[in-house]
Amino acid sequence: MQSVLALCAGASAFSLMAANLFLSTRPRMVEAAFGGLDRMYKAHKWIGISLLPLILFHKFVGMDLEGQIVASGLAKTAVDIAKIAFLVLVPLLLLSWIKRLPRMRRDLIPYHFWRLGHRLMGPVFIALALHQLFVTVPFNANSYASKYLNILALIGIASFLYTQFFAPFRPRRFTISNVEQHPAATIIDATPNRRGFKYLKPGAFAVISFAKKGLREPHPFTISRIGADGSIQFSIRALGDFTTRLRGALQAGDTMSIEAGYGGFDYQRGEQTQVWLAGGIGITPFLTFADSLTPDNTRNIMLVYCVSKAEEAVGLERLKAAEARTSGFKLHLHVSETDGRMDATKLAAAVPFEVGSADLWFCGPAPMRTAIIKDLGNSGKAPRSVHFEEFEFR
């Protein structure tokens with residue numbers, strides 16, 4: 001029984017590694033099934049976290065195969081490779097676990113170290129694929145289990161090679177036309193060098209990088225404006241090492257790469273009565289939502305925008321313009337410095353209709369979302385449904 005469990009743990013870990021390598025290619029059909037790039041990244045993160053106990057169980061509980069493993073040739077080499085891969089894999093997985101520890105700073109591990117660790121997962125997976133290919137016991141190479149693992153090996157290796165050699169050609173080149181140093185964000189406007197993206201939906205994600213030292217790593221951000229001419233805007237707050245370097249380093253004329261069209265955060269598939277709740281830089285998807293509203297809008301929408309200080313409000317003129325042209329859209333700016341911390345009671349007071357009769361669309365810090373939704377439920381004012389973006393990707 002011990003050997004069976006150890007075998008299942010090893011096969012499960014190998015399967016999950018293959019799945020994570022596939023998800024790292026950002027397949028659009030699968031992204032839609034997850035409900036957005038943010039959810040797919042969250043699944044990717046938790047799959048990675050779940051690998052560690054499986055790997056440790058497979059390694060230390062072990063398998064009693066009664067001398068079935070060949071002690072020489074390719075089988076022995078495969079076992080030796082797996083031992084080395086284990087020594088590399090465990091520290092890489094610990095990077096994901098460290099970020100989940102209570103009170104641990106989320107920026108403790110610089111992003112470029114975290115990303116390098118993820119890139120090393122590919123070579124480690126290839127080593128483990130060789131291990132499972134040549135160490136065929138307790139089943140032979142013609143068994144269904146062996147064929148299943150071989151298929152996963154091909155998927156994982158192909159996915160890794162794609163991300164390293166083909167994915168870099170997928171983004172489109174844009175030129176930065178303007179950079180604004182807003183008190184709460186760096187606002188970047190960019191125009192396509194050749195062709196932009198058609199049919200971008202309000203609230204869409206993009207994966208971006210810049211042709212500058214220290215800014216070449218691709219990062220996902222919500223688009224804050226979609227121009228009719230193909231231009232795109234991003235409003236990025238300095239929340240980590242990459243976004244901190246970005247502020248002050250960019251200027252008009254710089255080149256950036258954009259891969260856009262991800263995300264499932266779309267108010268247009270919601271109910272007629274909606275509450276939009278934005279916390280800080282979480283206003284970004286709601287800016288494109290508001291831009292898309294026309295005088296013909298029939299929805300009843302209340303946007304509650306929470307900022308620490310009044311000067312930190314981003315895109316306020318656009319929101320007010322949407323309010324002026326669209327009778328069904330209302331804006332409430334909540335400034336914590338003067339109005340106190342936003343909570344369920346203040347939210348219910350700011351909304352001119354029953355929150356319990358509406359959809360709640362949220363983007364902002366997760367603790368804020370959790371507390372408000374819990375308190376709304378406790379007070380009998382739980383929204384009909386809740387839609388939100390995951391704020392943290394790693």
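Throughout, read-outs are computed from the coordinates displayed, never taken from laboratory work. Since the structure is predicted, the reported quantities are computational estimates derived from the model, not experimental observations. Positions of Cβ are generated from backbone atoms using ideal geometry, with glycine treated the same way; all protein chains shown enter the neighbour counts.
Computed quantities for the displayed model
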{"quantity": "Label-point separation in nm, residue 170 to residue 90, each point 7 Å along Cα→Cβ", "calculated": "3.4 nm"}
{"quantity": "Label point distance in nm, residue 317-residue 25, each placed 7 Å from Cα along Cα→Cβ", "calculated": "4.5 nm"}
{"quantity": "Size of charge dipole - the chain - debye, nearest 20, with Cβ of Lys, Arg +1 and Asp, Glu -1, no other charges", "calculated": "660 debye"}
{"quantity": "Distant-in-sequence amide H partners of residue 277 (H built 1.01 Å from N, under 5 Å)", "calculated": "304, 361, 362, 363"}
{"quantity": "Helix-only CD estimate at 222 nm, as mean residue ellipticity for the chain, using -39500 (n - 2.57) per DSSP H run (n ≥ 4)", "calculated": "-14500 deg cm²/dmol"}
{"quantity": "Antiparallel %, DSSP beta bridges [both residues in the stretch 185-318], to 5", "calculated": "70 percent"}
{"quantity": "Spatially proximal lysines relative to residue 320 (Cα-Cα < 27 Å; intrachain offsets below 8 disregarded)", "calculated": "198, 201, 309, 330, 346"}
{"quantity": "Farthest toward positive dipole pole in the chain [+1 Lys/Arg, -1 Asp/Glu at C-beta], among 239, 133, 193", "calculated": "133"}
{"quantity": "Net lengthening on full extension, residue 151/residue 370 (0.36 nm per residue, minus Cα-Cα)", "calculated": "74.8 nm"}
{"quantity": "Net charge dipole size for the stretch 171-262 [Lys, Arg +1 and Asp, Glu -1 on Cβ; Debye, nearest 20]", "calculated": "220 debye"}
{"quantity": "Hypothetical label at residue 294: residues of the stretch 194-230 whose amide nitrogen lies under 17 Å (7 Å Cα-Cβ projection)", "calculated": "199-202, 226-229"}
{"quantity": "Signed unit charges on C-beta, dipole axis of the stretch 247-350, positive-most listed residue 307, 328, 284", "calculated": "328"}
{"quantity": "Most to least packed among 87-93, 53-59 [average Cβ atoms within 10 Å]", "calculated": "53-59, 87-93"}
{"quantity": "At least 24 Å along the helix axis (C-alpha) and Kyte average at least -0.5, DSSP helices within the chain", "calculated": "2-23, 37-60, 73-98, 111-134, 144-165"}
{"quantity": "Gain upon complete extension [residue 33, residue 332; 0.36 nm per residue less C-alpha separation]", "calculated": "104.3 nm"}
{"quantity": "FRET efficiency, 1/(1 + (r/R0)^6) with R0 45 Å, evaluated for residue 244 and residue 271 via beta carbons", "calculated": "0.70"}
{"quantity": "Antiparallel DSSP beta bridges within the chain, as percent of all bridges there, nearest 5", "calculated": "55 percent"}
{"quantity": "Spatially proximal lysines relative to residue 83 (Cα-Cα < 24 Å; intrachain offsets below 8 disregarded)", "calculated": "59, 147"}
